[in-house]
Each structure stands twice: as structure tokens, then as C-alpha cells.
1. Would you check if G45 is away from the ligand (no atom under 15 Å from the Cβ) and part of a loop (DSSP other than H, G, I, E, B)?
2. Which one is farthest from the chain's Cα centre (by Cα), of the residues in the range 102-147 that are among the acidic types (D, E) and part of a loop (DSSP other than H, G, I, E, B)?
3. Could you check the range 93-116 and list, in sequence order, the residues that are free of Cβ contacts under 8 Å to residues at least 24 places away in the same chain and surrounded by fewer than 20 Cβ atoms within 10 Å (Cβ to Cβ)?
4. Restricting to the range 53-76, name every residue that is touching a residue at least 24 places away in the same chain (Cβ under 8 Å) and either farther than 29 Å from M118 by Cα or surrounded by fewer than 16 Cβ atoms within 10 Å (Cβ to Cβ) (or both).
5. Name the pairs whose Cβ atoms lie under 6 Å apart, with the first residue in the range 30-42 and under 16 Å from M88 (Cβ atoms), the second within 13 Å of the ligand (Cβ to nearest atom) and part of a loop (DSSP other than H, G, I, E, B), and 6 or more positions between them or separate chains?
6. From H119, H158, which residue is exposed (fewer than 13 other Cβ atoms within 10 Å of the Cβ) and closer than 18 Å to S100 by Cβ?
7. Just to be sure before I move on: is V177 more than 30 Å from P41 (Cβ to Cβ), out of contact with any strand residue (DSSP E or B) (no Cβ under 6 Å at 6 or more places or on another chain) and either modelled with pLDDT under 85 or surrounded by 15 or more Cβ atoms within 10 Å (Cβ to Cβ) (or both) in the structure I sent?
8. Which of the residues that make up the range 55-94 are away from the ligand (no atom under 16 Å from the Cβ) and in contact with a strand residue (DSSP E or B) (Cβ under 8 Å, 6 or more places away or on another chain)?
Amino acid sequence: MNTPSDYIPTTLVEAIRHYADLDVANEFLAKLRWPGGVTCPECGGKEHSYITTRRTWACKACKKRFTVKVGSVMEDSPLGLDKWLVAMWLLADCKNGISSHEVSRHLGISQKSAWFLMHRIRLAMQQGTLEKLGGEIEFRAIPRDQATKEILGYLRLHPHKDSYDIAVALRLDFDLVYELCELLVSQNRLAPSDPSQVCQD
Ligand SMILES: [Zn+2]
């Protein structure tokens, strides 16, 4: 049986329109996160009531209330479920990578928010689950000239990586990497295609 939550959009325009319905988005994410049925992130309880107006479940065992975001990689994010789903759609669709610049443009959010989204979604993809399992990257604070050296060294070995990949691989702050890459391009020390903008097709 096809319900709206099983439908997978085929174009970006459709994805944006489809997931704009937050009930559809919520149902889709709940199925993705809990294929065996909604499960309380606090106690693992399977019996609950659903508060439609708040898109919130109330666990019958521990009495805690939770949304689809609680205990997942989407936790602590003020971004709506529609943005999360369109970002997931984009990352799944653009198999060879999409830059945070493009994600930010498509979703109408800041590049920093786009980075956060992409980071968490890629984490979920690597883990094979939306559950928050830890595994957050601890970024290193190093001087800018050392960071520049490391970025150049990394790009010699991996010339087609974007700023996001560089930041994760070197465990450096995303904004710093983006800024340094732009600087390197302006100084002609990097190939003209800004690695932060690369979406290889
Ligand atoms: Zn519970």
C-alpha cells in the first residue's frame, strides 16, 4: 500500500514540495528511524500515545514525551524536518558529493547550518542509523598557518575533496577550512575551482 510517507520524490522541486507537509515529513522520518515501530528513546518502550498537534509521542512506560528528533542525529537542531529531509534527499541524489554552498542555497539556510546538516546526515549514513551514537568529531584548534599547510598537503593527495571532506579528514573547524580555501584560491595557491564549491558529476 502506498501512503504519502512511502513516496520518494524524483526531483528537487518535488522533494521540497512533498516534505513541506510536516506531517508527511514526520511520518517518513519515524518510519526511517524506527522501521519496527515507534520506540521510546528513553526506555525502549513501544507503547505510546501520539499528540498530533505537537507531533510528539508520550511513552506509556516511562511517561516521557519525545519527538522523532530526540536521541537522533537531528537532536539539538532548530531546523525543521522539511529541511532535514530535503538535505537527505540532496545528499542521496548527488552521489559524488554536493557542496555545503549548494545545500545552503537550495534550502535557504546559512552555509554553517548546511555544514551541520551534512555532517550529521553523513554520520547517520556511515552508522546506518539515525540514532545518535556518539561518534562526533572533536575538532582540533591549530594555528592558521599550520592548518593551511595541512589543507594543501591533504589536497595534493585528494585533489577533488570539498571543504567539508577536508574539515572532517583533518578534524578542523568547517568555517576555518572554507575561509582558508577561499584565501588560497585568491592567492592562486589552489586550483581555480574552489574546493568548497565542487560537486563532481
Ligand atoms: Zn519510555
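The values are calculated or read from the model by the stated rules, or taken from the named source; none is laboratory data. These figures come from a predicted structure and were not determined experimentally. Here Cβ is always computed from backbone atoms with ideal geometry, including for glycine, and neighbour counts include all displayed protein chains.
1. No.
2. Within the range 102-147, the first condition is being among the acidic types (D, E), and the residues that meet it are 102, 131, 136, 138, 145.
Adding the requirement that they be part of a loop (DSSP other than H, G, I, E, B) leaves 136, 138.
Values: E136: 13, E138: 17 Å.
Selected residue: E138.
3. Residues of the range 93-116 free of Cβ contacts under 8 Å to residues at least 24 places away in the same chain: 95, 103-105, 108, 110.
Result: K95, S104, R105, G108, S110.
4. Within the range 53-76, K64, E75 qualify.
5. Listed by first residue and then by second, the contacts come to A30/V38.
6. Details: H119 fails: exposed (fewer than 13 other Cβ atoms within 10 Å of the Cβ).
On inspection, the qualifying residue turns out to be H158.
7. Judged against the criteria, V177 is a match.
8. V73
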